1. Just the residues that are free of Cβ contacts under 8 Å to residues at least 12 places away in the same chain, within 26 Å of residue 582 (Cβ to Cβ) and among the hydroxyl-bearing types (Ser, Thr, Tyr), please, taken from the range 534-568.
2. Do the conditions hold for residue 530, that is, is it in contact (Cβ under 8 Å) with a residue 60 or more places away in the chain and surrounded by fewer than 20 Cβ atoms within 10 Å (Cβ to Cβ)?
3. If a residue has to be more than 38 Å from the chain's Cα centre (by Cα), in a helix (DSSP H, G or I) and surrounded by fewer than 13 Cβ atoms within 10 Å (Cβ to Cβ) to count, how many in the range 431-451 make the cut?
4. Of the residues 603, 582, which single one is touching a residue at least 40 places away in the same chain (Cβ under 8 Å), outside the structural domain of residue 392 (by TED's automatic domain parsing) and within 30 Å of residue 628 (Cβ to Cβ)?
5. Looking at 58, 9, 67, 91, which is the one that is surrounded by fewer than 16 Cβ atoms within 10 Å (Cβ to Cβ) and not acidic (Asp, Glu)?
6. Could you give every pair whose Cβ atoms fall below 6 Å, whose first residue belongs to the range 10-39 and is at negative phi, and whose second residue is part of a strand (DSSP E or B) and among the acidic types (Asp, Glu), counting only separations of at least 6 or pairs across chains?
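The values are calculated or read from the model by the stated rules, or taken from the named source; none is laboratory data. Note that the structure is predicted; figures quoted are calculated from it, not measured. Positions of Cβ are generated from backbone atoms using ideal geometry, with glycine treated the same way; all protein chains shown enter the neighbour counts.
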Amino acid sequence: MVTNENIFVLADLEVLDQESEKTKEFLKENCPNILDFSFFDLKSLNDTDRVFLFLSDVQIKEYLPKVAVTNCAIGFLPHPDGAQTRSGYQVPKDFKEAFKELVESKRVVETGILNCNGELVLNYVVIGTIVTFLTKKAKSSNIFYRLGRFFRYLKRLVNIRSLPFTIQTEEREPIVTAASDIMIVQYAHNSVVSRIFATNELSSEKLFHTFIFAPRSVLQLVRAYIMKLLLGDGQKNKAFTFLSRLKTEDLTISSTQEFNCHIDGKHNSVKELVFSFQQSFNQIPSDSITYEIESKDSKGSKSFQTKYLPKGNLIQEMVRKNLPFISHASADEYKELFKQLRENAKPTQNYVVLMILSIILATLGVFANSSPVIIGAMILAPLMAPIISFSMGVLRQDRQLMKNSFITMLVGIGVGYLFAIIFTLITPLTQINAEITSRIKPNIIDLGIAVVSGAAGAYAYSKEEIAKTLAGVAIAVALVPPLAVSGIGIAWLNFDIFFGAFLLLITNLTGMVLAAALVFLLTGYSPFQLARKGLLISLFVVLSISIPLGYGFFKVVEENKIIRSLNDTVVKGITLEKVVMESRKPMVISLDFVVDHTPSNEEIDNVKNKIEKMLDEEVTLKAAIRVKR
């Protein structure tokens, strides 16, 4: 049983004497054995004693291994020059609180003394600067303060460059990779980074944690930090996809280049760091620490989470230049994508069959005035594939890819027109409905839809983890319906319908090509010098089309203004409702007269004259009379 006689405070007495009188009185009342550590005979200790160390970080590093061999239980008190000890071992800042915890604690845990290049590690070893920022505690929890702090740090990110590293343990083959930062901590509880992986896993016996940062872009770091601000620490935070983790009992980190590191805040320049456990000691842990105890022979709790580490050609690409603002595609990623795009540029049998089925479904859906049927046609449409291939061809000035994908697009559009015309001719319906009229007056908003669709498609193709069907839906939304309506216009010999829907089709195609090319440029699939010509041509075409689209947009705005001005207008007891402009020149307006009696011809003429006076032009009215009873 532990008594006051079994408790020893081994202290730096000169510093202890500078503590407040209340603290010194408290210590004298509760511990009779307050001794100068430099003169104390450690051989007098046994395994039933408890030793509380009130020492600086430098003194702890020298003295802890000597005390450990006595097998006594060791705890730590908050020394003014013991910041690394306080952080590493979670020592309360308040002296009385820390002392009470150590006295009252019934836990004693055998743990290891971590050593790096012959120096005892109390808190952490850090290579790089990102970790320092992410792990440093903010002075305020205010969200605006944290954001401001981040943007100040962001200025430094542009100079970050990855270094080549070889990471090796006794049990595994060496890991050859590249990383901008590496952090090694014995206890996960003193690391914000470790809590991204496991909130409750705070420590382990004879194992330490290595966190390897290999970001591909500044934007990736920005996203991770913002997600950390919003979601906090813990398993919910999945934004750190550039972070890998090792949990081992030994480790060697080496590089062909000299690198800077900090061991408990002390700067070093080295080419190799060797980590191992120097020896064990019996620790009295803080109440805030939860230990995950493992047997000495246990191997199950070791961890090698390395799927995000760069491999192959990507290592050289990351080492060669500073961290880019946006992630660039690796040679392996580009090879796989380009292979897929070349396949998509060919007009296969499956492509033609799906095109026929989708255009038939879209045409029938238009005649049935059914949005669900048209959406089904959008999902079936395979036009996404050649458009994305054409965008890459434009971006990289690959004439063969542009030629093949352009031919495939023409085949799809030609097949679409053919079957739209055939099914229109055999369908007895000739009434213009809402699904047709909504696609014969394109405006600048339709161009915006096309741009977003193209961007979605290119981004999905550049990321393996995103389902391609999502991009297919996004792009088909803007292509199949206008193609079907344009074919209907040809079959009816109604060239207003044909030209309106055809302009929408061309708008969508050009908008998608430009947007997809820009996304591929931003994700690193082409240097700007190579892409400049294709982008300028695409931009010129889109701007040319924007002129009639802008005019159409202003017409829509003007029509909406007229409709708003007429709706709910009352003319001598007649209320105007459900106003629709069927034609602008000549102006044809359909609307409802809401009255309590059947209006005379004179009253109808008065309404017409009133509307013409309001709009300052001649109007043809199509009025439906609703009599209120």
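1. Answer for the range 534-568, where residues must be free of Cβ contacts under 8 Å to residues at least 12 places away in the same chain, within 26 Å of residue 582 (Cβ to Cβ) and among the hydroxyl-bearing types (Ser, Thr, Tyr): just 551.
2. Details: in contact (Cβ under 8 Å) with a residue 60 or more places away in the chain: yes; surrounded by fewer than 20 Cβ atoms within 10 Å (Cβ to Cβ): yes.
Taking the combined requirement at face value, the residue satisfies it.
3. 1
4. Details: 603 fails: touching a residue at least 40 places away in the same chain (Cβ under 8 Å).
Checking each option against the conditions leaves just 582.
5. Values: 9 fails: surrounded by fewer than 16 Cβ atoms within 10 Å (Cβ to Cβ); 67 fails: surrounded by fewer than 16 Cβ atoms within 10 Å (Cβ to Cβ); 91 fails: surrounded by fewer than 16 Cβ atoms within 10 Å (Cβ to Cβ).
Exactly one of 58, 9, 67, 91 is surrounded by fewer than 16 Cβ atoms within 10 Å (Cβ to Cβ) and not acidic (Asp, Glu), namely 58.
6. Once the first residue is at negative phi and sits in the range 10-39, its partners that are part of a strand (DSSP E or B) and among the acidic types (Asp, Glu) give 13/36.
Per-residue answers, yes or no, for (1) assigned by TED's automatic domain parsing to the domain that holds residue 410; (2) within 24 Å of residue 553 (Cα to Cα); (3) modelled with pLDDT under 85:
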residue	(1), (2), (3)
449	yes, yes, yes
454	yes, yes, yes
463	yes, no, yes
466	yes, no, yes
476	yes, yes, yes
489	yes, yes, no
497	yes, yes, no
501	yes, yes, no
509	yes, yes, no
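Every residue, every condition in (1) within 19 Å of residue 124 (Cβ to Cβ); (2) touching a Phe, Trp or Tyr at 6+ places or on another chain (Cβ under 8 Å); (3) at pLDDT below 85; (4) not in a strand (DSSP E or B), yes or no:
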| site | (1), (2), (3), (4) |
| --- | --- |
| 230 | no, no, yes, yes |
| 235 | no, yes, yes, yes |
| 257 | no, no, no, no |
| 260 | yes, no, no, no |
| 297 | no, no, yes, yes |
| 309 | no, no, no, yes |
| 318 | no, no, yes, yes |
